[in-house]
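Step one of this worksheet: look at the structure below.
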Amino acid sequence: MGRDVKVLQTLPDARQLMLKGFRTAMKRPDVSAGLPDRSVMVMDHRQDFARAAEYARACGFTVRDDVPATWLHVQTFPLQMWLMGQPDFPFSLAGLVHVSNDMTLHRPVRADERLRLTVVAENVQPHKRGVTFDLQGTVHVGEELVWEGTSNYLSTKAKLPGQAPEAERLEMPSGEQSQLWRLPADLGRQYAKVSGDWNPIHLHPLTARIFGFPRPIIHGMWTHARALAAFGGSLPERYRVQVQFTKPILLPGKVGFVVDGEKFAVVDKEGKPKLVGRLAG
Amino acid sequence: MTHTAVVVGGNRTPFAKAGTKFADASAQDLLTAAIDGLVARFGLAGAKVDEVVAGAVLKHTRDFNLTREAVLGSALSPNSPACDLQQACATGLEAVIYTSNKIRLGQAKVAIAGGTDSASDAPVVVTEGLRRAMLKANRARSLPERLKAFAAVRPADLMPVPPAVVEPRTGLSMGESQALTTKRWEISREDQDQLSYDSHQNLARAWDEGFFDDLVTGYRGVARDTVLRPDTTLEKLASLKTVFGREGATMTAGNSTALTDGAAVVLVAEESVARERNWPVLAKVVDAQVAATDYVTGNEDLLLAPARAIPELLERNQLTLDDFELFEFHEAFASTVLATLKALEQNGTGTVDRSKLNVDGSSLAAGHPFAATGGRIVASLAKRLGQRGPGKKGLISICAAGGQGAVMILEAM
């Protein structure tokens, strides 16, 4: 049987999908059956110009005509939510951990370009704390592949037999913290507005507590974007950027930024990593 | 050894009416966009320039290092130093004066000069009462002291103070001041509307013939200046209501500049460096002059300082108005230009040939993001003079708040 290709007319509302995912305790099929062979796409997506500017502002980028690679990830995010919200998807939304991200910007993409967005779920693997899988996104302009990205998620509620494959660990940069970021208490709500990721763990102390966090935590994808913005004008025109989210960042809070050649990290005041990354032009 | 400062090119964003297409962009975003467009045009990615000088009239406190921040966000080398400079609407022209003087002194070889303004993203400040209370509370050592600091705050102090272009000493907006000038110099509604009409016609023609293709880089989906009305007519302009002045008012939204967002920069270089790099040597910066008027109690006019600066500049360079191929007089208001021309006649400087004035349009049609206007004018005039041939001279005149004015002579190489 071939892959089920689902074409949506417009991007679904990630907030609705997420609320539904958190409210309804859907009975999910067992992961041993694998992932449904399905991709979801939107053929002709028009980027929200004003939202792109607000996103840039929230993450520390200059407002330019060319968008950051992480913004293109944000464009594919509702499709990720849609895919995970299908009844035959084996993992429930609540309790998923975003482990790592790997994206490549093949050429500068302008905020006024029409995009074809595709997301597919693949690569289920046993993990020492559960099961991991990838959501693979691509962005095309016409027939040209302009961006691709892989988000690796961990479900701690599922189990698979077998040995967990050795995961590649990004190396920590050496050197001193060259930047100090002050993250305000409402940063999660600010980022939710521009990204559409309204996961309750990011929004308010009360909603965060339900999921076991003493305070809201900032979105990993904000930290990722902020780290790219930290490169300022020296960010190359095309690049591959990989990040691993190692520890949540509680709000409000202060974190440091360390960069050493291609290697970078967001660290706490003891220098312990919250995010480790690599940027290659 | 003598050094010659030459204009090799320029780049600006299109200018957009405030509160519209660029409303989401800050002055810093706009300046970064203008610099990056220039960098792309002249292959300066990763290159160090000796200095970047620019400014903004509407400035947030966070913009204390606006130009340097824009450089760090741009594709220029982070080793390019920058300096903020401000002289109201003459900011952009002053930036060109500053950089060309450094080049002439041998302190710089390649520099970028310009300006940026966002009337959409203007700072809104708190009242003086609240500001003082907050500073006091910040110094307070205990909670009671802190509370006491706020006890002095009145309800009215809690209202934000919207931005306004008002002269601090006269309390008059620029339009109201100019209305006094318009009346004093007896500038007619018809003359103002005609000047405005010509500005739109000339700018539209310049756009249509592709004159701005290597002077402007599109930004946020805007390719052309959005204030421009190529299809406006004298009848339409005549039908507009007056907005400044009392009885006998003649100034309308059609013959006054609109609030605008945009940024413009100019690449200035030492002549031999420009030639080594095969950059087009459009025009050299010959000389410049600033002047100010005694406007506070009405002895002189707020926006007519160029009529003082021009004779000084001409005398020093032993030139007359007849020696110029082109004139670029910034159109703060149509009546500002017309009153300046009358003042130059009255003070014996001479007559400006109207057929040589603002031949590619000016601020009435292009819009006027305050600090960006100087960069727009210098780049456009340098290019036009370059086309007219070596030795052709142009005179730039820009009036500014505070009764100030800056003027400059460019000469094609």
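Computed values, structure above
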quantity: Flag if A:Trp71 is part of a helix (DSSP H, G or I), at negative phi and either within 14 Å of another protein chain (Cβ to nearest Cβ) or at pLDDT 95 or above (or both); calculated: yes
quantity: Residue within the range B:93-104 that is under 20 Å from B:Leu259 (Cα atoms), more than 14 Å from chain A (Cβ to nearest Cβ), crowded, with 24+ Cβ neighbours inside 10 Å and among the small types (Gly, Ala, Ser) present; calculated: no
quantity: Which numbered condition B:Phe15 misses (of (1) surrounded by fewer than 21 Cβ atoms within 10 Å (Cβ to Cβ); (2) away from chain A (no Cβ under 13 Å); (3) of a type outside the set (Lys, Arg)); calculated: (1)
quantity: Meets criteria (touching a Phe, Trp or Tyr at 6+ places or on another chain (Cβ under 9 Å), within 21 Å of A:Tyr55 (Cα to Cα) and among the small types (Gly, Ala, Ser)) for A:Gly137; calculated: yes
quantity: Residues within the range A:142-169 that are crowded, with 20+ Cβ neighbours inside 10 Å and assigned to a loop (DSSP other than H, G, I, E, B), tallied; calculated: 1
quantity: B:Val52, sole failed condition from (1) more than 19 Å from B:Tyr219 (Cα to Cα); (2) without any contact (Cβ under 8 Å) to a residue 60 or more places away in the chain; (3) within 13 Å of another protein chain (Cβ to nearest Cβ); calculated: (2)
quantity: Inter-residue pairs, beta-carbon under 6 Å, first assigned to a helix (DSSP H, G or I) and in the range B:157-169, second at pLDDT 75 or above and small (Gly, Ala, Ser), 6+ apart; calculated: B:Asp157/B:Gly129
quantity: Scope the range B:199-231; condition in a loop (DSSP other than H, G, I, E, B), touching a helix residue (DSSP H, G or I) at 6+ places or on another chain (Cβ under 8 Å) and within 18 Å of B:Gln387 (Cα to Cα); matching residues; calculated: B:Phe211, B:Phe212, B:Asp214, B:Leu215
quantity: Cross-chain or 6+ apart pairs with Cβ under 7 Å, the range B:208-220 first and within 14 Å of chain A (Cβ to nearest Cβ), then of a type in the set (D, E, K, R); calculated: B:Val216/B:Arg12; B:Tyr219/A:Asp65; B:Arg220/A:Asp65; B:Arg220/B:Lys21
quantity: Filtered residues of the range A:29-48 (kept if closer than 30 Å to A:Arg64 by Cα, buried (at least 16 other Cβ atoms within 10 Å of the Cβ) and among the hydrophobic types (A, V, I, L, M, F, W, C)); calculated: A:Val40, A:Met41, A:Val42
quantity: Condition met for A:Ser195 (within 14 Å of chain B (Cβ to nearest Cβ) and either small (Gly, Ala, Ser) or on the phi > 0 side of the Ramachandran plot (or both)); calculated: no
quantity: Pairs, first small (Gly, Ala, Ser) in the range A:101-114, second in a loop (DSSP other than H, G, I, E, B), C-beta under 8 Å, six or more apart; calculated: A:Ala111/A:Gln47; A:Ala111/A:Asp65; A:Ala111/A:Val67; A:Ala111/B:Arg220; A:Ala111/B:Gly221
quantity: Those residues of the range B:43-69 which are more than 18 Å from B:Thr373 (Cα to Cα) and buried (at least 21 other Cβ atoms within 10 Å of the Cβ), in sequence order; calculated: B:Leu44, B:Val49, B:Glu51
quantity: Yes/no for A:Val63 being in a strand (DSSP E or B) and either in contact with a helix residue (DSSP H, G or I) (Cβ under 9 Å, 6 or more places away or on another chain) or crowded, with 20+ Cβ neighbours inside 10 Å (or both); calculated: no
quantity: Of all residues making up the range A:49-64, the number that are within 11 Å of chain B (Cβ to nearest Cβ), within 20 Å of the chain's Cα centre (by Cα) and not basic (Lys, Arg); calculated: 7
quantity: Criterion violated by B:Asp29 - all others in (1) within 20 Å of the chain's Cα centre (by Cα); (2) modelled with pLDDT under 95; (3) within 11 Å of another protein chain (Cβ to nearest Cβ) satisfied; calculated: (2)
quantity: Residue satisfying condition, being small (Gly, Ala, Ser), outside any strand (DSSP E or B) and either surrounded by 15 or more Cβ atoms within 10 Å (Cβ to Cβ) or more than 14 Å from chain A (Cβ to nearest Cβ) (or both), within set B:Ala122, B:Ala111; calculated: B:Ala122
quantity: Residue within the range A:96-116 that is charged (D, E, K, R) and under 25 Å from A:Phe211 (Cβ atoms) present; calculated: no
quantity: Of the criteria (1) in contact (Cβ under 8 Å) with a residue 12 or more places away in the chain; (2) surrounded by fewer than 17 Cβ atoms within 10 Å (Cβ to Cβ); (3) more than 14 Å from chain B (Cβ to nearest Cβ); (4) of a type in the set (Asp, Glu), which one A:Glu270 fails; calculated: (1)
quantity: From the options B:Leu267, B:Leu314, B:Leu303, B:Leu344, residue that is touching a residue at least 60 places away in the same chain (Cβ under 8 Å) and not in a strand (DSSP E or B); calculated: B:Leu303
quantity: Qualifying residues in the range A:1-56 (those that are of a type in the set (Asp, Glu) and touching a residue at least 24 places away in the same chain (Cβ under 8 Å)) - the one nearest to A:Pro126 (Cα to Cα); calculated: A:Asp30
quantity: Residue check for A:Ala208: touching a helix residue (DSSP H, G or I) at 6+ places or on another chain (Cβ under 9 Å) and either assigned to a loop (DSSP other than H, G, I, E, B) or free of Cβ contacts under 8 Å to residues at least 24 places away in the same chain (or both); calculated: yes
quantity: Leading residue by the ranking (nearest to A:Arg64 (Cα to Cα)) among those in the range B:60-81 that are away from every other protein chain (no Cβ under 11 Å) and among the hydrophobic types (A, V, I, L, M, F, W, C); calculated: B:Leu66
quantity: Residue that is modelled with pLDDT under 95 and either under 23 Å from A:Lys6 (Cβ atoms) or surrounded by fewer than 20 Cβ atoms within 10 Å (Cβ to Cβ) (or both), where the choices are A:Val139, A:Val97, A:Val120; calculated: A:Val97
quantity: Residue in the range A:225-233 that is within 18 Å of A:Gly261 (Cα to Cα), of a type in the set (A, V, I, L, M, F, W, C), out of contact with any helix residue (DSSP H, G or I) (no Cβ under 6 Å at 6 or more places or on another chain) and not in a helix (DSSP H, G or I) present; calculated: yes
quantity: The one condition in (1) under 20 Å from the mean Cα position of the chain (by Cα); (2) buried (at least 21 other Cβ atoms within 10 Å of the Cβ) that B:Val286 fails to fulfil; calculated: (2)
quantity: Residues being aliphatic (A, V, I, L, M) and not in a loop (DSSP other than H, G, I, E, B) - total across the range B:24-83; calculated: 17
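Conditions (1) away from chain B (no Cβ under 14 Å); (2) farther than 19 Å from A:Thr150 by Cβ; (3) among the aromatic types (Phe, Trp, Tyr), marked per residue:
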{"position": "A:Asp44", "(1), (2), (3)": "yes, yes, no"}
{"position": "A:Gln47", "(1), (2), (3)": "no, yes, no"}
{"position": "A:Asp66", "(1), (2), (3)": "no, yes, no"}
{"position": "A:Leu79", "(1), (2), (3)": "yes, no, no"}
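The values are calculated or read from the model by the stated rules, or taken from the named source; none is laboratory data. Model, not experiment: these values are computed from the prediction. For neighbour counting, all protein chains shown are included, and Cβ atoms are generated from backbone atoms with ideal geometry for every residue, glycine included.
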